[in-house]
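Student: Take this structure, written in structure tokens, and hold onto it; I'll ask about it next.
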Amino acid sequence: MTLPLINSVTERPAWLWAGDEPRITSVFQPIVDLMTGEAIGYEVLSRGVGPIQAPHVLFTKARVEGVTWELERACWTAAVRRIALLPLEERRVPFFFNVGPDVLSDPRFGDGSTLELLAQYGMSPRQIVLEITETSTFASVDQLQQLMRQYMGHGFRIALDDFGAGHSGLVTLVHSAPHYIKLDQALVRDIHQHSYRQHLVKSLVDFASSVDSTLIAEGVETWEELNVLLRLGVRHAQGFLVARPASDPPQPSREFDLRRREAIRAHHFQKDEDDETVGGIVIRRLCVDAEMTTEELDRLFRRTPELDHVVIVGEEKPRALVTRQHFYAKTAGPFGYPLLQKKPAELTSSERPLMVEDTMAITALAKVAMERAPESLYDPVVVTDAQGRFLGTVTMKQLIGRATELEVRAATGANPLTQLPGNRMIERWIRQVLQGPGFTVIYGDLDHFKEYNDRYGFLLGDKLIRLTARVLSESLHLFPRGSHLGHVGGDDFVLVCPDAVDPSALEVICQRFDEEKSALFDATDLERGWFEATDRKGTCVEVPPVTLSLAVLDSRKLGGSVHPASLSSMAASLKKKVKELAASRRTSTFMFERRAQIQER
């Protein structure tokens, strides 16, 4: 839906207006914080009545009859009236409206009537996010910047909608400094199958974080998409998987929330007994009942100068976080004294604190906490158990200090070339999966890498190692949840998986490696199928292009109990066989160890 012109001289068509009542229905689709499961806003969508209910039919009819502005006005009026009737709690988050540059730049839109309509129904521009569609363009950069200053000056927030769908999005992004960036569903759709899209989205995650913009994935429809988005760092999502549009602002289903929690745990929570979690540094803080008045809370803060914050708790579960600074900023009267008519729970219910479970990894939480809005960036984090019961809070000083120590410790064991974990972490992963019902360990290395390094030089040799690490890393989503990738050193890699591995995942890795390695070879060498190198005796030999060999040890196919030390010896034996097969085929290859038989690609 796009924002309308409020004043228009066009006669109102009967199919669009019934007197002063717009014949438009507003529906809402939530935008959800995947970390907490709560809606951070709602996109407002418009539907017609009867045969013109579908949006594309509705707006096409308006264009054909030349009443586009009347439709815009009807949509806007219907939406504002509907929002004004919502319960207070549902109106505390912003509402997102699509608006094209043609509407935003029309002088009739900015004549003050929009602000008047909002005020008439008790709403503020701060409750509205203007979604600028990427597929349209502004007349000039100067016009874009002037309009952004004008509407942000009124209090509207700006979102760049459908980013990635058109040619103008980058220009708009650079010159509008949007509060939100909404990824077009074309980028999101089947992202788990497209490494190029994953690279693009990852770069946008980093960019959005650096400029304090919130990145939202639109059109999320499958759990495969959502899991990859989470792995890439996308924290906010909208789509049919989350909830379908509805006349009353919907919340995600209980089933979605349960699966969301599982997905979050897989990416951010404790994976090994040696991982340090927030539960280890949480401190039980003062909590107060939701019925406490602001007057009572004022007295508490005044007689306890060292008290920085309290948590409001109801039925053992945290309802709100009240910091000293926010409390006096929110309640201050004309002479600095607090206005004491409200309960603190009512006062702060719009300020949703970051709440996490005690089993969340400290390093993961530090990243999530630093992505909050500037005004709440240094608020404490509220910690609960798995049932949502209040345990305590962690201050940002505690969190950042401990996370830094852990990252430094982890970095000392990472491979400097690929930044992948090394032997120490690989050993931990293997010990962990050996305690489970089954596992798969995949040993991978490059065939003819020494000859390649000698022929092409160590700089390209390092690029080939990094290429291998990237192909393996970007394929992790094809493996069982909780799988890990490590770099032993040189051209040796290890994948540790807590379950059986689908051979098709290995096929994808082999095919991708063979396709992408071509960029690191001379065209002549590729065309003839070999390159010249010198063997250990100093003889010039013809060497086929480097291939990737994967030796796969599946506990279900090994028989009996497995000792960690035996895995290496079995892998060494299997690697010889898979290398022979790769040499005969001249393609990257994998094999499963089955003792009695070997499954080949």
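Values quoted throughout were computed directly from the atomic coordinates according to the rules given, and no laboratory measurement underlies them. Just so it is clear, the model here is predicted, and its values are computed rather than measured. Here Cβ is always computed from backbone atoms with ideal geometry, including for glycine, and neighbour counts include all displayed protein chains.
Student: Once you charge only the Cβ atoms, +1 for Lys and Arg and -1 for Asp and Glu, what is the size of the charge dipole of segment 456-601 about its Cα centre, to the nearest 20 debye?
Tutor: Values: 20 positive and 20 negative charges, 109 e Å.
Rounded to the nearest 20 debye, it is 520 debye.
Student: Testing the spin-label approximation: label points 7 Å from Cα along Cα→Cβ at Gln419 and Arg324. State their distance in nm.
Tutor: Each label point is offset 7 Å from its Cα along the Cβ direction, giving 3.9 nm.
Student: Would you please state which residues of segment 360-376 a label at Met396 would reach in this model, taking the label point 7 Å out along Cα→Cβ and a backbone N cut-off of under 14 Å?
Tutor: Inside the label zone: 366-376.
Student: Holding the Cα-Cα limit at 27 Å, pick out from Lys317/Lys367; Lys517/Lys575; Lys397/Lys463 the pairs that are longer than that.
Tutor: On the way: Lys317/Lys367 24 Å; Lys517/Lys575 21 Å; Lys397/Lys463 39 Å.
Among Lys317/Lys367; Lys517/Lys575; Lys397/Lys463, the Cα-Cα distance tops 27 Å for Lys397/Lys463.
Student: Among Ile264, Gly37, Ser573, whose Cα lies farthest out toward the positive end of the dipole of the chain, if unit charges sit on the beta carbon of Lys, Arg (+1) and Asp, Glu (-1)?
Tutor: Ser573
Student: Counting Lys and Arg as +1 and Asp and Glu as -1, each charge on the Cβ, what is the dipole of segment 17-268 about the Cα centre in debye, to the nearest 20?
Tutor: On the way: 25 positive and 31 negative charges, 84 e Å.
About 400 debye.
Student: Once every DSSP H run of n ≥ 4 in the chain is given -39500 (n - 2.57) and the sum is divided by its residues, what mean residue ellipticity at 222 nm do you get, rounded to the nearest 500 deg cm²/dmol?
Tutor: On the way: 22 runs with 237 residues, N = 601.
After summing the helix terms and dividing by residue count, I get -12000 deg cm²/dmol.
Student: Please order Tyr180, Tyr378 by the number of other Cβ within 10 Å, starting at the fewest. Write down the numbers at each step before the final one.
Tutor: Working: Tyr180 24, Tyr378 15.
With the fewest neighbours first, Tyr180, Tyr378 line up as Tyr378, Tyr180.
Student: While we're here: For the pair Tyr121 and Arg149, what calculated FRET efficiency results from E = 1/(1 + (r/R0)^6), where r is the Cβ-Cβ distance and R0 = 25 Å, to the nearest 0.05?
Tutor: 0.45
Student: How large is the charge dipole for the chain, taken about the Cα centre, if only the Cβ atoms of Lys, Arg (+1) and Asp, Glu (-1) carry charge, to the nearest 20 debye? Intermediate values should be presented prior to the final figure.
Tutor: Details: 70 positive and 81 negative charges, 183 e Å.
In debye, rounded to 20, the chain gives about 880.
Student: Around Val488, which amide H atoms from residues at least 5 apart in sequence, or from another chain, sit under 5 Å from its own amide H, with H modelled in the peptide plane?
Tutor: Hits under the 5 Å cutoff: Phe493, Val494.
Student: Which residue, Thr589, Val471, Asn415, has the largest displacement toward the positive end of the dipole of segment 415-600 when charges sit on each Cβ (Lys, Arg +1; Asp, Glu -1)?
Tutor: With unit charges placed on the Cβ atoms, the residue in question is Asn415.
Student: Also, I was wondering about something else. In nm, give the distance between the simple-model label positions of Arg594 and Arg259, each being 7 Å from the Cα along the Cα-to-Cβ direction.
Tutor: Spacing of the two 7 Å Cα→Cβ label points: 3.3 nm.
Student: Along the charge dipole of the chain, which of Val382, Thr359, Ala403 sits closest to the positive end, that is, farthest toward it, with unit charges on the beta carbon of Lys, Arg, Asp and Glu (+1, +1, -1, -1)?
Tutor: Checking the options against the dipole of the chain, the answer is Thr359.
Student: Send over the per residue convex hull volume for the chain, Cα only, as a whole number of Å³. Could you put the intermediate results ahead of the total?
Tutor: On the way: hull volume 121.9 nm³, N = 601.
So the per-residue hull volume is 203 Å³.
Student: Once you list every other residue whose beta carbon is under 14 Å from the beta carbon of Met123, what net charge do they have if Lys and Arg are +1 and Asp and Glu are -1? If you can, show how the numbers build up before the last one.
Tutor: Details: positive: Arg81, Arg82, Arg91, Arg92, Arg126, Arg157; negative: Glu90, Glu116.
Within the 14 Å Cβ shell, the charges total +4.
Student: Next question, about the same structure. Roughly what would the spin-label model give for Asp142 and Arg470, points 7 Å off Cα along C-beta, in nm?
Tutor: Distance between label points: 4.2 nm.
Student: Please give me the summed charge of the neighbours of His56: other residues whose Cβ is under 14 Å from its Cβ, Lys and Arg +1, Asp and Glu -1. Don't skip to the answer; put the middle values down first.
Tutor: On the way: positive: Arg47, Lys61, Arg63; negative: none.
My count for the surroundings of His56 gives +3.
Student: Compute the orientation-averaged projected area for segment 17-268 from the convex hull of its Cα atoms and round it to one decimal in nm². Kindly include the intermediate steps, with their values, before the conclusion.
Tutor: Numbers: hull surface 56.4 nm².
Value for segment 17-268: 14.1 nm².
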